[in-house]
Every structure is written in C-alpha cells, then in structure tokens.
C-alpha cells in the first residue's frame, strides 16, 4: 500500500513540535529543581506566618495566600508539568499519524521505537507525579527524553515506509508494544533508584561535590518506594513481553529461543529486575544494595537498546539505520 505522504509530514511536524515543547518543559523543570531549597524555606516561612499571624500581623486577620508566597521556581515546576502534557499529546500524535500514513503498527524501526519509549516513560512519570510529591524530579525524566529524541531525529530517522516482511505480523502490535511500554516504566524505576543512591551518598558526605545536588532530591526512602512500586508494575509487563516474543520467534524462525544478542541481553535484564525485586523484598538486604541491582538493570536495558541495535548484528536487526 502506498504511503500517505501528507500524514507522514504531519507526523514529522508533530514530532518537531513535541521536541520543542519538551525542551521548554526541561528548561522550566531545571529552574524548579535548582530552586527546591528556596521553596522549602518559603514553605517554612509560610507555616511560621500562619502560626503567628493572629498575634502579630501587618494587616490584622490576614494571612498571605499560597500563590502570593509561592516562589518563581515552584511556578515554573507546575508549568513544566502542564507543558509536558502538551508535549506528550504531540508525541503520541506523531506515533499515530505515522501508523496511519503507512497503514501498519508504528513500531517498525528504531526511530518509531524511540518515540514510543519516550511517550511511555513520560506517561509513567505523569502518573507517578500525581501520586508522590516528586515534581521537582521532572528534569531527570525530560533530560533523557530530549536526548533520545534528538538522537532519534539525527541518527535513527527513516522516511515512513512499509516494514520488512519479517515484521508483517500481528505480533508486532503485541510483543513490541508491551516490551517498549515495560522498558519505559522500568527506565523511570531505574532512574529513581539511581537518584536514591545519589541522595544517600551525597547527603552522607560533608562537603561532597554532589551535596548541593543531593540536598535537592526527595528523601531516599521516598525514591526507594517510587522505584520499587514502579518496578512491580513494569516487571510483569516485561515478562509478558518476553514470553510473547518467544511465541513469535517460534512462529517466525521455528524456535522459541536462540540466544540472539538482543534475546540474551533481554534475559540478563530480566534476571536483574527479578533479583532486584527479590532483594528488595528480602529481610536483611538493605534498600541501597537492592537499588544498585536496579541501576545495573537500567544500564543493561540501555545497552540493549543502543549497543545491540547500533553495533551488533542479529535476527533482531530491524532498526532501519542508514
């Protein structure tokens, strides 16, 4: 079927718009993170004003409204979340339009994979930020998203086109979608564990170069809870995705598992995520030691995406790189 070039062009426009708005949100979230300590001081001052407002007010009976004492950095952080919602909508639109333009599931090459992974990661973040007071960590979600989208446009981009015959299967909509969604969730979980490690070591050092950075992070306990609960969601999804891949492999290649490079590294990542959950739930294991396992799993997942797709050849070499 011929490609609808108009829809393909609109997809590219949506991608460019999403990228620009993600960059704007990144700038706002950086300002928010940098001003975290200031915001805490303002909040403390506000509580103090409420406590003494009745006894020594400048204007009797009046306590400043929250908006009047909210620092610029917090306003920037709230704006960053709102702007990120717009960018996510455009990110999803770019994926959908590309699928409509080619009349296929839009996960046929590494460029489309990157777009879907970014959307999954940001969506996971937006769910988490509604549940936990971690909005000032937006910068650590958007920074890798912006970098990945830049790489996608500069290195991974391919014109909208039909996929290779090996990918013309309904399993691409099942296996690849589940795997990419799981990777987006687990990437956020691994990042939370990494920040937990930084928070612990940075605050334990009296004059460490990362002390300023660590003091602006949420508590290590909160970061650990976010990482653990997010992994609980992502790991079963990842497991289902691996199983679906094995079923597809049997139908396409006549075997369920062949230790292809991507299969091998995916299995290593699965073992590490399982080890993290086991360690995290086992008494006697410190949460910090368990978090290091989750960080290792994150590194393995990133290695699987970049090193395997860019360097190693195998049966999964459908990245479409030029």
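The values are calculated or read from the model by the stated rules, or taken from the named source; none is laboratory data. Quick caveat: nothing in here was measured; it's all calculated off a predicted structure. Every residue, glycine among them, receives a Cβ derived from its backbone with ideal geometry; neighbour counts consider all protein chains shown.
Screening the candidates 199, 189, 160, 182 for the property of being crowded, with 23+ Cβ neighbours inside 10 Å, at pLDDT below 85 and either within 24 Å of residue 233 (Cβ to Cβ) or over 15 Å from the mean Cα position of the chain (by Cα) (or both) yields one hit, 160.
Based on what the data block shows, is residue 147 in a loop (DSSP other than H, G, I, E, B) and either surrounded by fewer than 20 Cβ atoms within 10 Å (Cβ to Cβ) or at pLDDT below 90 (or both)? No, not satisfied. If you go through region 211-227 and keep only what is more than 12 Å from residue 134 (Cα to Cα), crowded, with 16+ Cβ neighbours inside 10 Å and out of contact with any helix residue (DSSP H, G or I) (no Cβ under 8 Å at 6 or more places or on another chain), you end up with nothing. For the condition touching a residue at least 60 places away in the same chain (Cβ under 8 Å), touching a helix residue (DSSP H, G or I) at 6+ places or on another chain (Cβ under 8 Å) and under 17 Å from residue 184 (Cα atoms), residue 297 qualifies. I want to confirm something. Restricting to region 150-195 and keeping residues that are in a loop (DSSP other than H, G, I, E, B) and in contact with a helix residue (DSSP H, G or I) (Cβ under 9 Å, 6 or more places away or on another chain), which single residue is nearest to residue 95 (Cα to Cα)? Per the criteria, the residue is 160. Being without any contact (Cβ under 8 Å) to a residue 24 or more places away in the chain and either within 20 Å of the chain's Cα centre (by Cα) or under 24 Å from residue 36 (Cα atoms) (or both) is the filter here; which residues of region 222-244 pass it? Listed by number, the residues that qualify are 229, 236. Consider residue 247 carefully, then state whether it is touching a helix residue (DSSP H, G or I) at 6+ places or on another chain (Cβ under 8 Å), under 22 Å from residue 169 (Cβ atoms), part of a helix (DSSP H, G or I) and in contact (Cβ under 8 Å) with a residue 12 or more places away in the chain. It is true that residue 247 is touching a helix residue (DSSP H, G or I) at 6+ places or on another chain (Cβ under 8 Å), under 22 Å from residue 169 (Cβ atoms), part of a helix (DSSP H, G or I) and in contact (Cβ under 8 Å) with a residue 12 or more places away in the chain. With respect to the conditions (1) closer than 25 Å to residue 172 by Cα; (2) modelled with pLDDT under 90; (3) surrounded by 21 or more Cβ atoms within 10 Å (Cβ to Cβ), residue 74 falls short on a single one, namely (1).
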